[in-house]
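The structure appears below as C-alpha cells.
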Amino acid sequence: MGVYIRPSTLSQALDALAERPYTPLAGGTDVYPAQANLAAWNRAPDLDILDISALPDLCGMEETPEGWRLGALTTWTEAIEGSLPACFDGLRMAGRTVGGRQIQNRGTLAGNLCNASPAADGVPPLLALDCEVELASKAGRRRLPLSDFILGNRSTARRHDELLVALLVPKPRRPARSTFLKLGARSYLVISIVMVAATLEVDAGTVTAARLAVGSCSAAAQRLPDLEAALLGKPCDAALAAVVKTDHLGLLSPIDDVRGSADYRRDTALTLVRRALLDLTDKAGEMAA
C-alpha cells in the first residue's frame with residue numbers, strides 16, 4: 001500500500017520530495033486512468049502520492065513586467081475563461097479539446113506537461129508561446145525552456161526532489177496572435193492524430209517573429225525552426241501559407257499506429273501548418289499584444 005500525503009504549504013511538499021520520490025498529484029486526470037488501466041491487468045504499482053491540490057502558492061495567473069506566470073494548479077477551465085490576452089488564443093483553443101468539461105475543470109496545465117504524452121494538447125501551444133517551466137526543490141529554483149523540459153514519451157527533466165510550480169510565458173515584442181488546430185477521430189474526448197500551434201508577431205503588416213509547433217508526430221512536440229526563419233520579414237497575408245514546404249517539417253518523426261500511418265501524419269501536419277498560417281493571416285488586422 002503506497003503512502004498518501006496532502007501538504008498545506010510548498011515548504012512541506014518540498015521537504016517530502018527531498019525524502020522520497022513521491023508522484024505529484026494535482027487534478028488526477030492522468031494518474032487515475034493510468035493506474036486503473038494497470039490495475040485491470042494486475043500490474044498497478046503502489047504509488048507514493050503527494051497531493052499538491054492544497055498548495056496556495058501554486059494557484060492563480062498573474063501578469064508580470066516580463067510576461068505571465070501561470071501557477072502549476074491552473075486548470076484548463078481557468079486558462080480558457082481567464083483574462084489572458086490574444087496571444088493565448090491557441091492555448092484556449094487547445095484547452096477546449098482536452099477531454100470533456102469535467103476534465104477541463106480538474107486537469108491542470110502543469111499536469112499535462114509532466115505527463116509528457118506525445119499527444120499532450122497543451123505542449124504545442126505553450127511551445128509556440130516560448131513557455132518556460134519553473135521547478136522548485138529544497139536546493140532552490142530553476143527555469144527551463146519547455147522544449148528542454150519534455151525529453152520524450154512520458155519523460156521530463158524534473159528531478160525526483162523537484163516540483164513544477166509555474167509556467168512562465170514572456171510578453172511578445174510586437175502585437176501577436178496564436179491559433180491551434182487538431183485532427184482527431186471526433187471533436188472531443190479524443191487523442192489527437194496531429195496537432196499544430198502557431199504564434200505570429202506582426203508589425204506594419206510584416207511577420208517579425210514566428211513560432212510553430214507540431215504534436216503527435218514525434219516522441220515530443222517539435223518546433224519548426226527552419227520554417228520560423230523562412231517566415232520572418234514576409235507580408236502577413238494569404239501568400240504566407242505558400243512559404244511552407246515539406247522540408248520545413250523534417251524534424252518530425254511520426255509513427256504508424258491505430259490512429260494513422262506515419263505518411264498520413266506527415267501529410268496532415270503539412271496541411272494543418274498551412275491552415276494555421278491562413279487562420280492567423282485572416283486575423284492579422286485584429287492583432288494586438
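Couple of notes before you dig in:
- Segment 1-106: chymotrypsin sites (Phe, Trp or Tyr not before Pro) in DSSP coil with no more than 14 other Cβ atoms inside 10 Å: Trp41
- Gaussian network model of the chain, springs between alpha carbon atoms under 10 Å - residue of Gly152, Gly111, Gly215 with greatest fluctuation: Gly152
- Mean projected area (nm²) of the alpha-carbon convex hull when the chain is viewed from all directions: 15.1 nm²
- Charge dipole (debye, nearest 20) of segment 176-286; +1 at Cβ of Lys and Arg, -1 at Cβ of Asp and Glu: 240 debye
- With a simple spin-label model that places each label point 7 Å from the Cα along the Cα-to-Cβ direction, the separation between Glu63 and Glu81 comes to 2.1 nm.
- Computed about the Cα centre, the dipole magnitude for segment 130-171 is approximately 120 debye when only Lys and Arg (+1) and Asp and Glu (-1) carry charge, each at its Cβ.
- Pairwise Lys count, the chain - Cα closer than 25 Å, eight or more residues apart or different chains: 7
- Kirkwood-based shape ratio for segment 219-277, expressed as Rg/Rh from alpha carbons: 1.01
- Acute angle (nearest 10 degrees) that the helix 262-282 long axis makes with the longest principal axis of the chain, alpha-carbon atoms: 70 degrees
- Hydrodynamic analysis of segment 176-286 uses the Kirkwood radius over alpha carbon pairs. Inserted into Stokes-Einstein at 10 °C and 1.306 mPa s, it gives a translational diffusion coefficient of 113 µm²/s.
- A simple spin-label model places the labels of Arg20 and Asp46 0.9 nm from each other, with each point 7 Å out along Cα-to-Cβ.
- GNM top mover of Gln12, Gln104, Gln222 - the chain, alpha-carbon springs below 10 Å: Gln12
- Here the chain is assigned +1 on the Cβ of each Lys and Arg and -1 on the Cβ of each Asp and Glu. Its dipole about the Cα centre then comes out at about 340 debye.
- Kirkwood Rh in Å, taken over all unlike Cα pairs in segment 39-164: 15.6 Å
- Restricting segment 203-289 to trypsin sites (Lys or Arg not before Pro) that sit in a DSSP loop and have at most 15 other Cβ atoms within 10 Å of their own Cβ leaves Lys245.
- FRET efficiency estimate (nearest 0.05) - Cβ-Cβ, Leu189 to Asn37, R0 22 angstrom: 0.85
- Modelled this way, with points 7 Å down the Cα-to-C-beta line, the labels at Leu10 and Asp263 are 5.1 nm from one another.
- Averaging 1/r across all pairs of distinct Cα atoms in segment 1-54 and inverting the result yields a Kirkwood radius of 11.8 Å.
- Sites Arg142 and Ala242, calculated FRET efficiency, Cβ-Cβ separation with R0 51 Å, nearest 0.05: 0.80
Here, each number is a calculation from the coordinates, and none is a lab measurement. All figures in this text were calculated on a predicted structure; none of them were measured in a lab. Positions of Cβ are backbone-derived with ideal geometry, glycine not excepted, and every protein chain shown enters the neighbour counts.
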